[in-house]
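The structure under discussion appears below in the form of structure tokens.
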Amino acid sequence: MKRMEPDGSHIPVVAGICPLTSYRNAEFMNNEVPGISIPRAIMDRMRKADTGDAARAEGVRIAQETLVAIRNMVQGVQIAAPFGRYAMAVEVAQVLGTDAASKNT
């Protein structure tokens, strides 16, 4: 973000977050999708998820952590629903629910 605004100007940014669904999905995103780089620590977390349900849950947790970490740096977020799994996108957004509600009061 700092590299985008070297002169102090403000460029609105909408971040894209896509919850990972499996280690294989993480490998594909990391190796085959231009511009995406998944840190080794995230790859390790996805590798350790030993079932499909565990992998999807870990992917949601990682996406939630990312959302919380970037929310004050961006003007919006687009959360993808991987493979049509809309519930995963909703679950990612829920991490902001209570906190976002308290900011509006």
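Given H placed on each backbone N at 1.01 Å, which residues far from A15 in sequence or on other chains put an amide H within less than 5 Å of it? When sequence neighbours closer than 5 places are left aside, the close amide H contacts are Q75, G76, V77, Q78.
For E27 and V13, calculate 0.36 nm times their separation in residues minus their Cα-Cα distance, and state this gained length in nm to one decimal.
On the way: separation 14, 0.36 × 14 = 5.04 nm, distance 2.62 nm.
So the chain would gain 2.4 nm between E27 and V13.
Only one item in (1) 1.01; (2) 0.92; (3) 0.96 matches Rg/Rh (Cα atoms, Kirkwood Rh) derived from the coordinates shown, and that item is (1). For the peptides 57-66, 78-87, 32-41, residues were scored by their other Cβ atoms within 10 Å and the scores averaged per peptide; the highest-first order is 57-66, 78-87, 32-41.
The numbers here are math on the coordinates, done by the rules we state, and not lab data. If you're wondering where the values come from, they're calculated on a predicted model, not measured in any experiment. Glycine gets a Cβ as well: all are built from the backbone with ideal geometry, and neighbour counts include every protein chain shown.
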